[in-house]
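Quick note: the coordinates plus some simple rules give every number you see, no bench work behind them. Remember, it's a predicted structure, so these values are computed and weren't measured experimentally. Positions of Cβ are generated from backbone atoms using ideal geometry, with glycine treated the same way; all protein chains shown enter the neighbour counts.
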Amino acid sequence: MEANETAKALPGLIMCVCTGKCPGFSKMDIWDFINRVRVELPVEYGVIHPQLCEEDGDRFLADILKANRKIVVAGCAPNMQYKLFRDAFERVGMDVKQSLVPLDIRDMSTDDAVAKVSAALKEMGVEANG
């Protein structure tokens with residue numbers, strides 16, 4: 001049961017790439033980024049979604065949020081993320097300000113984006129074991 005509780009405490013990470021055509025992601029290898037996050041950082045999972053602010057993004061969030069865990073979204077401006085995802089969090093009874101950790105990773109290299117996620121996880125009190 002202890003391992004299960006530890007897994008529950010880990011946040012999930014969703015990278016939103018704004019259709020994959022946003023010039024803000026041109027400096028990074030998105031596949032290298034998400035694989036490094038999944039393997040190197042203390043997250044329950046790391047996934048890429050093409051556009052969380054669209055209707056299928058709402059459906060995706062509805063499914064993901066059933067786990068009732070914090071979600072880190074690496075994508076656009078935090079103020080936009082709060083506005084765009086607020087309803088999805090509220091529908092499942094979660095406070096977006098308490099449950100969403102929005103990170104703007106546009107115009108960063110892969111290394112810089114991984115470092116930003118790592119710093120955010122440490123700030124949240126989530127650190128890798130061993």
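For the reader, a short list of remarks on this structure follows.
- Remark on the chain: 16, 53, 76 stand apart, with no other cysteine beta carbon under 4.7 Å.
- Across the stretch 47-54, computed HN-Hα scalar couplings (Karplus, 6.51 cos²θ - 1.76 cosθ + 1.60, θ = phi - 60°) run 9, 10, 10, x, 6, 4, 7, 8 Hz from first to last residue, x flagging Gly and Pro.
- Taking label points 7 Å from Cα along the Cα-to-Cβ direction, residue 27 and residue 83 give a separation of 2.4 nm.
- Annotation for the stretch 1-92: chymotrypsin sites (Phe, Trp or Tyr not before Pro) lying in DSSP loop with at most 10 further Cβ atoms inside 10 Å of their Cβ do not exist.
- Per-residue [θ]222 nm for the chain (sum of -39500 (n - 2.57) over DSSP H runs n ≥ 4, rounded to 500): -14000 deg cm²/dmol
- Filter on 27/97; 70/116; 21/122; 66/97 - keep pairs with C-alpha separation over 23 Å: 27/97; 21/122
- Neighbour cut-off at most 15 other Cβ (10 Å), DSSP loop, GluC sites (Glu not before Pro), the stretch 53-127: 54, 127
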